[in-house]
Structures are given as structure tokens and as C-alpha cells.
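Quick notes on the structure that follows.
FYI, it's all coordinate maths here, none of it is from the lab. In this text, all values refer to a predicted model and were calculated from it rather than measured experimentally. With ideal geometry, Cβ positions are generated from the backbone for all residues, glycine too; neighbour counts draw on all protein chains shown.
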Amino acid sequence: MNLNLRNAVIHNVSGNTQDQLEDTIVDAIQSGEEKMLPGLGVLFEVIWQNSSETDKKEMLTTLENGLKH
């Protein structure tokens, strides 16, 4: 992924409140547009890098369970 994209996404949401961040995530998911996926990936990268090992394991469990159909 292009470093400029990471910087642009982070710049666009820096300083946002939790409600604004939630709106950004929900809007990106609900739009269903593939062009939104890299931005969501950048946000997940920030979450992952700032999470404890316990939180990472919980996210992985949630992801694993969400992928079971």
C-alpha cells in the first residue's frame, strides 16, 4: 500500500471524535465501495499497532468467528 495513502487517511481522520470515526467506518462499510477498503485497512493497521496482545487475540477470535458460515 502506498505510504501517501496511509498518510492521507490518517490526516483525514486525525482529531476526529469517536462518533466521527464510527461514522467513517460505518459509512465505508455500508457504501460497499471497494475504493473504501484501503482506508479501512489503514484504520485497522492503526488499531492493530495500538492494541495489547489480549486485544489482538480478541480481534482474531472475532474475525475467525465472523468468517465461519
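Does the range 45-52 contain any residue that is more than 10 Å from the chain's Cα centre (by Cα) and not small (Gly, Ala, Ser)?
Yes, there is a match, as at least one residue in the range 45-52 is more than 10 Å from the chain's Cα centre (by Cα) and not small (Gly, Ala, Ser).
Of all the residues that make up the range 3-58, how many are exposed (fewer than 13 other Cβ atoms within 10 Å of the Cβ) and not in a helix (DSSP H, G or I)?
Here the count works out to 8.
Give Lys57, Lys35 a once-over and let me know the one that is among the charged types (D, E, K, R) and under 20 Å from Arg6 (Cα atoms).
The conditions single out Lys35.
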